[in-house]
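This report concerns only the one structure given below.
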Amino acid sequence: MLLTRKGDAGARAQNRFSSSLADSLSRALPTMDRRGFLKRSGIGVGAGIAASQLGLIQKAKAAVGMEKSGSKIEVRRTVCTHCSVGCAVDAVVENGVWVRQEPVFDSPINLGAHCAKGAALREHGHGEYRLKYPMKLVNGKYQRISWDQALTEISAKLLEIKKTSGPDSTFFVGSSKHNNEQAALLRKFVSFYGTNNTDHQARICHSTTVAGVSNTWGYGAMTNSYNDMQNSKAAMYIGSNAAEAHPVSMLHMLHAKENGCKMIVVDPRYTRTAAKSDQYVRIRSGSDIPYLYGMLYHIFKNGWEDKQYINDRVYGMEKVKEEVMKWTPEKVEEACGVPEADVFKAAETMAKNRPSTVVWCMGQTQHSIGNAIVRASCLLQLALGNVGKSGGGTNIFRGHDNVQGATDVGPNPDSLPGYYGLATGAWKHWCNVWGVDYEWVKKQYPSQAMMEKSGTTVSRWVDAVLEKSELMDQENSVKAMVFWGHSPNSQTRGLEMKKAFDKLDLLVVIDPYPSATAAMAAMTTEGQELNAKRQVYLLPAATQFETSGSVTASNRSIQWREKVIEPLFESRTDHMIMYQLAEKLGFAKELVAKIKLVPGKGGMMEPEPESMLQEINRGTWTIGYTGQSPDRIKSHMRNMHLFDVKTLKCSGGKDAVTGYDMTGDYFGLPWPCYGTPELKHPGTPNLYDTSKHVMDGGGNFRANFGVEREGVSLLAEDGSHSLGSDITTGYPEFDHILLKKLGWWSDLTEAEQKAAEGKNWKTDLSGGIQRVVMKVHGCYPFGNAKARAVVWNFPDPVPLHREPLFGTRPDLVAKYPTHDDKKTFWRLPTLYKSVQQKNVETKMYEKFPIILTSGRLVEYEGGGEETRSNPWLAELQQENFVEINPKAAADRGIRNGEFVIVSTPTGARIKVKALVTPRVDAGTAFIPFHFSGWWQGKDMKEFYPEGAMPIVRGEAVNTATTYGYDAVTMMQETKTTICNIEKFTA
Amino acid sequence: MARMKFICDSERCIECNGCVTACKNEHEVPWGVNRRRVVTINDGVIGQEKSMSVACMHCSDAPCMAVCPVDCFYRTDEGVVLHNKDICIGCGYCSYACPFGAPQFPSNGTFGLRGKMDKCTFCAGGPEEDGSQAEFEKYGRNRLSEGKLPLCAEMCSTKALLGGDGDVISDIFRNRVVRRGKGSEVWGWGTAYGKAPNPEAKPEKKAETESKS
Amino acid sequence: QNAPSEPAAIAVGPAAPVNLAAVESIDILKQNQAERTIDQPGNAAPTYRLVNDGTKHYSSLPALEAGVLIQGKAQFPGQTRATTAGEAWRQYRNGPLTMIGGALLLITLSVIAAFYYFRGQIKLHTPLTGRLVERFTPGERALHWSMALSFVSLAISGSIILFGKHVLLPVFGLTLFGWLAFLCKNIHNFIGPVFTVSIILFFIKFVKDNLPSASDIPWLFKFGGLLSGEHVSSGRFNAGEKILFWGAVVGLGLVVSASGFVLDMLVPSLEYSRAIMQISNIVHIVAALLAAAMVMGHIYLGTIGMEGAYASMRTGYVDDAWAKEHHDAWYAEIESGKISRIRSEPAAPHGSSSVSQNA
Ligand SMILES: Nc1nc2c(c(=O)[nH]1)N[C@H]1C(S)=C(S)[C@@H](COP(=O)(O)OP(=O)(O)OC[C@H]3O[C@@H](n4cnc5c(=O)[nH]c(N)nc54)[C@H](O)[C@@H]3O)O[C@H]1N2
Ligand SMILES: Nc1nc2c(c(=O)[nH]1)N[C@H]1C(S)=C(S)[C@@H](COP(=O)(O)OP(=O)(O)OC[C@H]3O[C@@H](n4cnc5c(=O)[nH]c(N)nc54)[C@H](O)[C@@H]3O)O[C@H]1N2
Ligand code: HEM
Ligand code: HEM
Ligand code: SF4
Ligand code: SF4
Ligand code: SF4
Ligand code: SF4
Ligand code: SF4
Ligand SMILES: [Mo]
């Protein structure tokens, strides 16, 4: 067996596999440590316990095969590239081939566990159905071309478009699949190209969360962690189907349940998650606010709110209470369909089992009022005093593996890395960090105004292409699209998207699996208006297993992926492609001004991931991405077993390679990990937790919205502060002035003083301000304020329920109408009321009487091209389907397994199989969104580039989804629209 | 000697299919052959839905073994039921006999053409030399011989699936049951291991000799 | 040995408290899991009933029985209680069918041997006339032989599949027996349909002469004179042959074929579930062994059991003496010219192709 492997087979491999073994053996001894006990008692039984049986089952001398061939075997530790849970994987590589995949029992996040997608990762090492070389669309067929030709032609065309229509006529869709380094580099890339027209999946994922939550209390992220949910006494999942979307998170929840945690699931569908709940509440899609206010109604009525907490740490709760008390149980039931008793029960469970946590995901975010819904959830937690507590918090499960990281430091239209925004100061800060001249960057943009104006969003790129220039808040409409790790079938309004694809001058898809976009662009449809001059290129990107880099999990922990294999076929890493394109576009030197270049595939130079991470470290003070140096995170990856599963804390231990002492660190240094790496901030496991010292990961709410509003202080009350703080009341954020006023300036070293002069905690590149504030005075760099129950800069300062644009309840539209139309919003006209009114007037609800919602299947991810190309996954879901209630099916004469046509007000008619199931009620239908490759009943097979067609294809629900965007972030409304379902007749 | 068994804890299983793909990945099992699968009963019915992962249970008195016309099954010291593909004639009888639907065939053609039977090996390979290429090609990896346990259980996303020494896993399971105060039933054990609620009792010894007759 | 399929419980300290009053007042067996959970939080019996009863539940895999966790119960005739269908089938096949079936074949063999030993070959009583009459045309013979050969190969191969492990395996060893069984399985699977086609054609060809007639009854009462040596009157085929025809070829032959087609997965759009396969297998074995026993008797008579019989099927011609002695009524018709002495047209080609021509 591997334990006894001798020779060069890799000492590393040995200790990787044996560490879990040693661990578990020691666990069998009478003096079990707590972690051991935990594992033994059920949370970590995989090999954990099981390995203690080794003595009994060793029957063979050695694990063989591999060894005998005398080949080189290495174990590379990486992280699953699918969802934000961040499960670690040990990849076994033999002579450069990824031959096996072993569970990492040591990972405190997943303890070796994986869902279907994670367990099938090794397929990436085969990549049979990937794009293998650059291709170009010629006369409707994709043809192979060389990299050189591709890069030359693409850059020439880009420069031409930039020259004739300006840089804003190009839209770069980045990716939450990129690692932090690539995401940050791409933001820099588009900046040097001269546009803010860039975005990534977060827009259509958690943008409403990020906006809503950060505006409530500071940071737009999951406050606690999957692990911390083990400390919860009650948990309410509202709009999250974690069992399918974040399966391994359920490991922690189910363990908590065994320790008495009560689980509530609020969802229009009885999901696999709901099946594990103690209480299931079925709500009408889009009616979360009435439901949440219904709960708050009982909380206030029974005096269950945490009055002290609200007094000390929350601003404006009375205003909320006013609105809440209007939501009498009758009104609540009318709007969301939940009877009073059920709402009461849920409220009581959450109130009487504190700390209680709320989990949400897409069920809340993907609405035209997503920003308000997520804030209503925050309000519930604030009222209960759950935020900033272990076991409490808002556990917002993020989406893609690195959507958190890409949101933090990646290609956002409204901000430079680290939420610095686009104001002049932000640009100067980053130019400083990047080592480029601010004036030079400014020259790349059409004007300073455009440089500081938020770009268009990926949810609206279709309109940015199709809209008349004069109605847009930019010079010209978009003519060139670069899809750099994003699928087309994940955005709504597919019918119009096809028109946009046809109208483009240039389409570039840089992706290991660009085929969905490729096929959609290439396909011919009836009445098509095709731009004859259009150029389409596909570039094979390497996957995250073919490079190294850091990735931020949902709980803000940052993990390092080792490179598993060399880029397959002709693929190149994204950062190499960025660098090479920059060379052709003429800003390569600036792009890597402070970044080390190293030889990559084929000896070609590419930026070094470590060096890029260090640049992120140097610049991202706002959210504390500064302490996570490559060395520190790598030490964590090598020593996962030292971190506690429940607290994520390292109780002690040094990394053998670097000698770095991890004592006190939280796993993956969850951001904020303020200060320089040398300061050794341990990372923040739970945000805003006043029971801990700042230097132990404690905190409080952020002072980001001024110090007072209408004469009322926004700062925390006396006595409310993080443990050991020198200031025992609320205080504003720190800058050089405050430091001087407090007489703390002298705590800075001379060099620090020099650097900090005129700077604040976010812009002081020396980290001196952060050091002094935290280490010397125990204060929080961003101040200590109250959370805002009233977000006055949002369209609805107190969250209000508004009906979706497409609904089945005209009676409720009358009571809860949507917003007014907006003339320009993220550079585009955006409609609300006019669409909703028209729908009511034309009685759309009669023609389309079923609410259509969409979401996930555990086996597939996102647009699904990647996972549907993986035979181990594809076999498990071979056809797209619509969940339809037995009654609704019977009314329409539809039987389980038959094809049906789902039609929507857009005119789309998609063909899927009927899954007749009581998961949904009779007024609701659900379609997973991971399919593409069929277009309104037609297989698009012939339009795929040769050799790069996924195994399973199906109808994309987004071909049929409708108009509707969040009033703050432009999130698309994918969770609530309407449809009709009829039997398919050939 | 340890007696290898599976438990799938239906209070934990979430139908995530991690176990299924773990198996496919580890053993390179072809499309259509599912050594493990997940079944959800009362799908979508409020308060009644339960998911369970199922593969070969390595029965004590294995019906598959008993009906095989060429007697190509054998049982290891740990109670793992394995078979010899060199001898298997692909008659399908084991699949008719197995209560769990474990035996699988690469094809299901007319004239009874099925190819050699394949089923869960408890990650213990086959009769070839442990860890040899031939063993891998026919039966997949032999994790037991490497001192590891079934990958499906090791990777189970919620640790619902426990695979290992019957005593140890029923210990773990018992622990959970005590904590949550419900669901002491382990589905499939009655069928697979006979009436042996007490894991100390080892009915398989008796059964083994019987099934030979 | 009888594996029960109730869920096994892992002993857990003291039993969870049960609200007895609530339980007694309702019909427990009708409760679903949601209702049961309210009455008895720890009780999952309704779930386990579903686990064990073999219903098809949800599974994302499209395989036929992927949704069945544990196959439902079955009880074959003679079994004392229901067990999982696979277990019941296994017990039935490995038990009575193998045992009784094996015994049936052995006993038949012994009876034949004893008969031969005591009675010896049935000889012709009259001397040969030298005049020949055509008893079977080449087409008829081809049919018979294709049926006979396929049957024999099916019987042998089938028997090896069923009994080989007890009889041959200990002698041959696993590898050799494995190869033999593999061969047998494939022979069996492909020859099966040949047999089916043969019996259909055979039926068409021979049904007329096998229709029951008045003379069959005395023939049967006297058992064809087999024991006494007495001469019993008969038409072209005697009652014994008719029993073979109707019983083995038509009756059992069709049953064996039908079940065989199912086992061979040749019936279009049938769902080959385990239950169907188990039942088919049992039907197949029972019918096949009964047929085999009958055919063994026939083969005996058709070869060493009766003088001159074999030649009739080999060459197609029998001596007048033979015809008169064994099938007097038929002979009478030939004599009277109702049936011609030679029925095959001289031009008829020989060999297998004539089968279809004659059909
Ligand atoms: N297997 C798999 N896992 C994934 C992904 C994947 O594609 N596949 N993607 C990852 C990504 S990018 C994300 S963002 C997450 C998403 O994870 P989730 O948000 O948990 O997944 P969804 O299925 O989109 O939606 C969750 C639930 O919202 C419900 N819902 C619909 N409308 C409403 C409503 O109005 N109110 C409420 N309360 N609920 C509603 C749906 O019925 C659904 O069950 O998953 C991540 N994990
Ligand atoms: N109707 C409906 N629509 C939805 C949703 C819904 O619930 N309902 N959910 C929405 C949500 S939350 C999200 S996040 C989106 C997800 O939708 P997308 O993010 O568009 O879906 P993915 O297919 O995961 O896209 C990721 C792409 O990146 C590629 N990729 C992977 N690794 C790399 C890499 O290293 N480099 C490069 N260059 N490319 C890489 C993959 O091959 C894939 O093509 O869908 C949204 N759309
Ligand atoms: C391989 C050995 C066999 C031999 C040597 C043999 C021989 C014969 C002979 C000699 C006859 C002619 C009898 C007569 O003239 O009346 C005959 C007829 C017949 N044989 Fe066979 N036979 C064999 C196998 C079989 C088998 C396997 C079957 C059935 C499955 C079968 C079914 C019949 C039938 C039905 C008849 C005609 C009787 C009738 O139509 O009623 N024979 N056989
Ligand atoms: C009439 C003569 C036949 C006899 C005596 C016979 C006998 C048998 C026997 C003894 C078995 C083994 C059963 C067991 O071990 O459980 C068997 C299996 C089988 N028989 Fe027949 N059979 C006959 C005809 C047919 C026909 C006509 C077909 C198909 C059309 C057929 C198809 C099969 C099949 C498919 C099996 C399963 C064996 C496997 O696939 O390995 N048999 N038969
Ligand atoms: S998809 Fe998510 S839960 Fe599944 S293995 Fe990957 S990271 Fe873990
Ligand atoms: S589960 Fe089925 S295949 Fe496995 S030992 Fe039992 S009867 Fe045999
Ligand atoms: S298929 Fe193979 S293993 Fe199964 S019973 Fe037949 S010969 Fe035995
Ligand atoms: S034990 Fe091994 S062979 Fe069996 S199902 Fe699990 S992974 Fe597959
Ligand atoms: S991996 Fe575990 S939780 Fe997932 S389906 Fe398999 S047994 Fe169930
Ligand atoms: Mo997402």
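Step by step: first the residues of the range B:8-23, then only those that are at the interface with chain A (Cβ under 7 Å from one of its Cβ atoms) and modelled with pLDDT of 95 or more, then the one that is nearest to A:M253 (Cα to Cα). Which residue is that?
Within the range B:8-23, the first condition is being at the interface with chain A (Cβ under 7 Å from one of its Cβ atoms), and the residues that meet it are B:12, B:14-18, B:20-22.
From what is left, the residues that are modelled with pLDDT of 95 or more are B:14-18, B:20-22.
Details: B:I14: 12, B:E15: 15, B:C16: 15, B:N17: 18, B:G18: 17, B:V20: 22, B:T21: 23, B:A22: 22 Å.
Among them, the one singled out is B:I14.
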Self-check item: Residue count, the range B:66-101 (criterion: closer than 21 Å to B:P150 by Cα, more than 8 Å from chain C (Cβ to nearest Cβ) and not aromatic (F, W, Y))
Solution: 10
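This table checks each residue for (1) touching a helix residue (DSSP H, G or I) at 6+ places or on another chain (Cβ under 9 Å); (2) open to solvent by 10 Å² or more (accessible area, probe 1.4 Å); (3) among the hydroxyl-bearing types (S, T, Y); (4) part of a loop (DSSP other than H, G, I, E, B).
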{"site": "A:K646", "(1), (2), (3), (4)": "yes, yes, no, yes"}
{"site": "A:G652", "(1), (2), (3), (4)": "yes, yes, no, yes"}
{"site": "A:G675", "(1), (2), (3), (4)": "yes, no, no, yes"}
{"site": "A:T690", "(1), (2), (3), (4)": "yes, yes, yes, yes"}
Practice problem: Pick out, from the range A:210-322, the helices (runs of 4 or more DSSP H) lying fully within it that include 1 or more residues that are among the small types (G, A, S) and more than 30 Å from B:V38 (Cβ to Cβ). | Solution: A:288-301
Exercise. Provide a single number: the residues in the range B:125-157 that are in a loop (DSSP other than H, G, I, E, B) and facing another protein chain (nearest Cβ under 8 Å).
Key: 9
Exercise. State whether the residues of the range A:963-971 include one that is in a loop (DSSP other than H, G, I, E, B), on the phi > 0 side of the Ramachandran plot, in contact with a Phe, Trp or Tyr (Cβ under 8 Å, 6 or more places away or on another chain) and open to solvent by less than 10 Å² (accessible area, probe 1.4 Å).
Key: yes
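If only one of A:V332, A:V338 is aliphatic (A, V, I, L, M) and part of a loop (DSSP other than H, G, I, E, B), which one is it? Reasoning before the result, please.
Numbers: A:V332 fails: part of a loop (DSSP other than H, G, I, E, B).
So the residue among A:V332, A:V338 that is aliphatic (A, V, I, L, M) and part of a loop (DSSP other than H, G, I, E, B) is A:V338.
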Practice problem: Any chance you could count how many residues in the range B:158-185 are facing another protein chain (nearest Cβ under 7 Å) and among the acidic types (D, E)? | Solution: 2
Quiz item: Could you list, in sequence order, the residues of the range B:117-152 that are open to solvent by less than 10 Å² (accessible area, probe 1.4 Å), over 19 Å from B:A102 (Cα atoms) and among the basic types (K, R)?
Solution: B:R143
Self-check item: Subset of the range B:156-170 [in contact with a helix residue (DSSP H, G or I) (Cβ under 7 Å, 6 or more places away or on another chain) and more than 6 Å from ligand 9 (Cβ to nearest atom)]
Solution: B:K159, B:L162, B:G163, B:G164, B:D165, B:V168
Quiz item: Failed condition for B:K85, given (1) closer than 23 Å to A:V99 by Cβ; (2) more than 9 Å from ligand 7 (Cβ to nearest atom), with all others met?
Solution: (2)
Self-check item: Residue selected from the range A:162-194 under the condition in contact with a Pro (Cβ under 6 Å, 6 or more places away or on another chain) and assigned to a loop (DSSP other than H, G, I, E, B), by the criterion nearest to A:M450 (Cα to Cα)
Solution: A:G194
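Residue-by-condition table, conditions (1) among the aliphatic types (A, V, I, L, M); (2) without any contact (Cβ under 8 Å) to a residue 40 or more places away in the chain; (3) within 14 Å of chain B (Cβ to nearest Cβ):
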{"site": "C:L201", "(1), (2), (3)": "yes, no, no"}
{"site": "C:S233", "(1), (2), (3)": "no, no, no"}
{"site": "C:V249", "(1), (2), (3)": "yes, no, no"}
{"site": "C:M265", "(1), (2), (3)": "yes, yes, yes"}
{"site": "C:S280", "(1), (2), (3)": "no, yes, yes"}
{"site": "C:T303", "(1), (2), (3)": "no, yes, no"}
{"site": "C:D319", "(1), (2), (3)": "no, no, no"}
Quiz item: Which one of these does B:V70 not meet: (1) touching a helix residue (DSSP H, G or I) at 6+ places or on another chain (Cβ under 6 Å); (2) over 22 Å from B:G188 (Cβ atoms); (3) open to solvent by 10 Å² or more (accessible area, probe 1.4 Å); (4) of a type outside the set (S, T, Y)?
Solution: (3)
Practice problem: Among the numbered conditions (1) touching a strand residue (DSSP E or B) at 6+ places or on another chain (Cβ under 9 Å); (2) within 30 Å of A:V281 (Cα to Cα); (3) assigned to a helix (DSSP H, G or I), tell me where A:N371 comes up short. | Solution: (1)
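Could you grab me the full set of residues in the range C:133-176 that are among the β-branched types (V, I, T), more than 10 Å from chain B (Cβ to nearest Cβ) and either within 16 Å of ligand 1 (Cβ to nearest atom) or assigned to a helix (DSSP H, G or I) (or both)? Outline the logic, then answer.
Here is the first cut: in the range C:133-176, the residues among the β-branched types (V, I, T) are C:133, C:137, C:152, C:156, C:160-161, C:167, C:171, C:175.
Keeping just the survivors that are more than 10 Å from chain B (Cβ to nearest Cβ) gives C:133, C:137, C:152, C:156, C:167, C:171.
Of everything in the range C:133-176, those that are among the β-branched types (V, I, T), more than 10 Å from chain B (Cβ to nearest Cβ) and either within 16 Å of ligand 1 (Cβ to nearest atom) or assigned to a helix (DSSP H, G or I) (or both) turn out to be C:V152, C:I156, C:V167, C:V171.
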Quiz item: Which residues, taken from the range A:255-276, are in contact with a Gly (Cβ under 9 Å, 6 or more places away or on another chain), facing chain B (nearest Cβ under 7 Å) and buried (at least 24 other Cβ atoms within 10 Å of the Cβ)?
Solution: A:Y270, A:A275
Quiz prompt | Test set (1) on the phi > 0 side of the Ramachandran plot; (2) surrounded by fewer than 21 Cβ atoms within 10 Å (Cβ to Cβ); (3) free of Cβ contacts under 8 Å to residues at least 40 places away in the same chain - B:G44 fails condition number | solution = (2)
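Table: residues versus (1) within 16 Å of ligand 5 (Cβ to nearest atom); (2) within 29 Å of A:K499 (Cα to Cα); (3) touching a residue at least 12 places away in the same chain (Cβ under 8 Å).
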| position | (1), (2), (3) |
| --- | --- |
| A:V387 | no, no, yes |
| A:H400 | yes, yes, yes |
| A:G418 | no, no, yes |
| A:A426 | no, no, no |
| A:V436 | no, no, yes |
| A:V441 | no, no, yes |
| A:R460 | no, yes, yes |
| A:D473 | no, yes, yes |
| A:A480 | no, yes, yes |
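Could you list all residues from the range A:85-118 that are near ligand 5 (Cβ under 7 Å from one of its atoms) and outside any strand (DSSP E or B)?
The initial filter retains those residues of the range A:85-118 that are near ligand 5 (Cβ under 7 Å from one of its atoms), namely A:85-87, A:110, A:114-115, A:117-118.
A:V85, A:G86, A:C87, A:N110, A:C115, A:K117, A:G118, listed by residue number.
Residues checked against (1) assigned to a helix (DSSP H, G or I); (2) over 21 Å from A:T969 (Cβ atoms); (3) not basic (K, R):
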residue	(1), (2), (3)
A:A406	yes, no, yes
A:V433	yes, yes, yes
A:V436	no, yes, yes
A:V441	yes, yes, yes
A:P446	no, yes, yes
A:T456	no, no, yes
A:W461	yes, no, yes
Exercise. Sort through C:A293, C:A309, C:A359, C:A347 and tell me the only one that's at pLDDT below 90 and open to solvent by less than 40 Å² (accessible area, probe 1.4 Å).
Key: C:A309
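The values are calculated or read from the model by the stated rules, or taken from the named source; none is laboratory data. As the structure is a prediction and not an experimental result, all values here were calculated from the model. Virtual Cβ from ideal backbone geometry, glycine too; neighbours counted across all protein chains shown. These area figures cover heavy atoms from the full protein model, side chains too; ligands, DNA and RNA do not enter into them. Shrake-Rupley method; radii C 1.70, N 1.55, O 1.52, S 1.80 Å.
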